[in-house]
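For reference, the structure discussed in these notes is given below.
The values are calculated or read from the model by the stated rules, or taken from the named source; none is laboratory data. Keep in mind the model is a prediction, meaning the values are calculated, not measured. Neighbour counts are summed over all protein chains in view; Cβ atoms, including those assigned to glycine, are modelled from backbone coordinates with ideal geometry. Remember, those area values only see protein heavy atoms, side chains included, never the ligands or the DNA or RNA. Shrake-Rupley method; radii C 1.70, N 1.55, O 1.52, S 1.80 Å.
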Amino acid sequence: MASFALLFAGLTCINVIFAYQGKHIDPHFWTTVKFQLLLLPLIFAANLCIGYGVKLGLKATHQLGYVLITAKCIEVLISVGVGYWFMKEMPTCKTWVGLLVIALGVILVKQK
């Protein structure tokens, strides 16, 4: 559970930072550099969360592939939420079917 929470927190932070950058930060090089430098402590904390989430997940499951695939699934769900939050993108039926296919893939990977 701690692994999931850490992965969720770190991946959410990273996705929100990039979504905010994409929507609100001028795409010129130096503006982007300044934004990234200002957010370095937050990005560092998010990367620590992700790293420890993977480490704890690996310790619990002993399957790195499962942990990494689960992290990607979490990130896809977060991306759908962040897309709605920042860009008002409504998930379509295809989005939900795609998420279901991913979930089934995780279940298949977990089976021995």
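Ordered from largest to smallest accessible area (heavy atoms of protein chains, 1.4 Å probe), the residues CYS93, CYS49 come out as CYS93, CYS49.
Among (i) 15.8, 50; (ii) 13.3, 39; (iii) 15.2, 49, find the value of Rg and Dmax of the Cα atoms in Å that was calculated from the structure presented, and write down its label. Of the labelled values, this structure produces (i). Structure remark: mean-square fluctuation, Gaussian network model of the chain, C-alpha springs under 10 Å; the largest value among PHE29, PHE18, PHE86 belongs to PHE29. Note on LYS34/ALA9: beta-carbon distance plugged into 1/(1 + (r/R0)^6) with R0 of 25 Å gives a FRET efficiency of 0.50.
The mean sequence separation of alpha-carbon pairs under 8 Å and at least six residues apart, normalised by the residue count of the chain, gives a relative contact order of 35 percent. Available extension along the chain between THR95 and PHE18 is 25.7 nm, counting 0.36 nm per residue and deducting the alpha carbon span. Computing FRET efficiency as 1/(1 + (r/R0)^6) for MET1 and TRP85, where r is the C-beta to C-beta distance and R0 is 25 Å, gives about 0.50. Within the assembled protein chains, the solvent-accessible surface assigned to VAL16 is about 40 Å², based on a 1.4 Å probe. The trypsin sites (Lys or Arg not before Pro) of region 1-109 that meet both conditions, a loop assignment by DSSP and at most 12 other Cβ atoms within 10 Å of the site Cβ, are LYS88.
A straight Cα-to-Cα reach below 16 Å connects LYS110 with the lysines LYS59, LYS72, residues fewer than 8 places away in its own chain not being considered.
Of SER3, SER79, the residue with the largest accessible area leads and the full order is SER79, SER3 (1.4 Å probe).
Heavy-atom accessible area with a 1.4 Å probe sorts MET90, MET1, largest first, into MET1, MET90.
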